[in-house]
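Step one of this worksheet: look at the structure below.
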Amino acid sequence: MKTHDYTKHATEYSELGIEGTFYLGFRDVPNLVKKYVKGTQALDYGCGPGRSTRFLRSLGFDVIGVDISSDMLTEVRKKDEQGTYQQIESGVLPFEDSSFDLIFSSFVFLEIAAMIEIEKILSEFKRVLKPSGHIIILTSSMEGYKGDWVSVSYDFPENKRQFESGETVKLLFRGTNVILYDYYWTDQDYRDAFTKIHLRLLELHNPIGYDEDKIQWREESQKSPYSIYVLTKM
Ligand SMILES: C[S@@+](CC[C@H](N)C(=O)[O-])C[C@H]1O[C@@H](n2cnc3c(N)ncnc32)[C@H](O)[C@@H]1O
């Protein structure tokens, strides 16, 4: 089974903006950046059609987007001719050591089937990160796969079970035909990987929906669909 078939879904995925539940993923990132990040050189790892890359640019970063999917890069080049994007192999970054102040990666680690691959990617992040640089990883929280969210539905019979690490979870982006299967990783799986690669976890932020967001939240106002990890070198 192809879990993330972007040959089929890249165009539809590229229409998704930073709205609905996704807004919650990005809403607090500017504050985290202000709190931790110095400098303007950024890498958007797994940029897809570039909404995260353009978001980083709007925060003042000089950003390069990289992705393994040629279909996604075709979409991003249609949308953002002035942006810098590059196709890569998973966990292989064609950049010198200590190149970036920020490495950002949104909704990518949940597409990776094996922790050993996540560790390889983290280790490459560490190599290209400046000594004072920071990594921000936005991914689904464990609760994220059990909730009723504005933008994503997990309401499938095959999801009515206790998930184990590395298993797939079916999801639908509401209002589209995009069905994907994410890999389920626990908070402990991520923490173990950070420890193994000698990355220091500075903060785990789980954003909750507020009334002032002016979005008719479903369960977002009670629990967080997302985990945002802020890391640095040891
Ligand atoms: C759900 S999209 C997220 C795109 C963008 N970051 C965003 O927030 O909209 C995930 C992207 O990660 C890419 N991806 C998946 N596995 C990857 C890997 N091992 N290395 C780099 N990119 C990967 C996919 O091709 C896809 O474009």
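The values are calculated or read from the model by the stated rules, or taken from the named source; none is laboratory data. Keep in mind the model is a prediction, meaning the values are calculated, not measured. Here the Cβ positions follow ideal geometry from the backbone for every residue, glycine too, while neighbour counts run over all protein chains shown.
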**Request:** Kindly indicate whether any position in the stretch 113-133 is more than 13 Å from the ligand (Cβ to nearest atom), surrounded by 14 or more Cβ atoms within 10 Å (Cβ to Cβ), of a type in the set (A, V, I, L, M, F, W, C) and in a strand (DSSP E or B).
**Result:** yes
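Which residues, counting only those in the stretch 13-41, are touching a Leu at 6+ places or on another chain (Cβ under 8 Å) and closer than 22 Å to Ile112 by Cα? Walk me through it before giving the result.
In the first step, residues of the stretch 13-41 are kept if they are touching a Leu at 6+ places or on another chain (Cβ under 8 Å); the result is 22, 25-26, 29-30, 33, 36-37, 39, 41.
Hits for the stretch 13-41 are Phe22, Gly25, Phe26.
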**Asked** What pairs can you find where one residue is in the stretch 46-58 and aromatic (Phe, Trp, Tyr), the other is more than 10 Å from the ligand (Cβ to nearest atom) and at pLDDT 95 or above, and their Cβ atoms are less than 8 Å apart, with a gap of 6+ or different chains?
**Response** Phe55/Val29
**Asked** Within the group Ser105, Ser99, which residue is touching a Phe, Trp or Tyr at 6+ places or on another chain (Cβ under 9 Å) and either within 9 Å of the ligand (Cβ to nearest atom) or over 23 Å from His9 (Cβ atoms) (or both)?
**Response** Ser105
**Request:** Answer yes or no: is there a residue in the stretch 170-178 that is basic (Lys, Arg), out of contact with any strand residue (DSSP E or B) (no Cβ under 6 Å at 6 or more places or on another chain), more than 28 Å from Lys38 (Cβ to Cβ) and in a loop (DSSP other than H, G, I, E, B).
**Result:** no
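Take the residues of the stretch 72-82 that are surrounded by fewer than 19 Cβ atoms within 10 Å (Cβ to Cβ) and out of contact with any Lys or Arg (no Cβ under 7 Å at 6 or more places or on another chain): which is farthest from Phe61 (Cα to Cα)? Talk me through it step by step, then tell me what you get.
Filtering the stretch 72-82 down to residues surrounded by fewer than 19 Cβ atoms within 10 Å (Cβ to Cβ) leaves 74, 77-82.
Okay, now just the ones that are also out of contact with any Lys or Arg (no Cβ under 7 Å at 6 or more places or on another chain), so 74, 77-79, 81-82.
Numbers: Thr74: 22, Arg77: 19, Lys78: 21, Lys79: 18, Glu81: 17, Gln82: 14 Å.
Going through the qualifying residues, I end up with Thr74.
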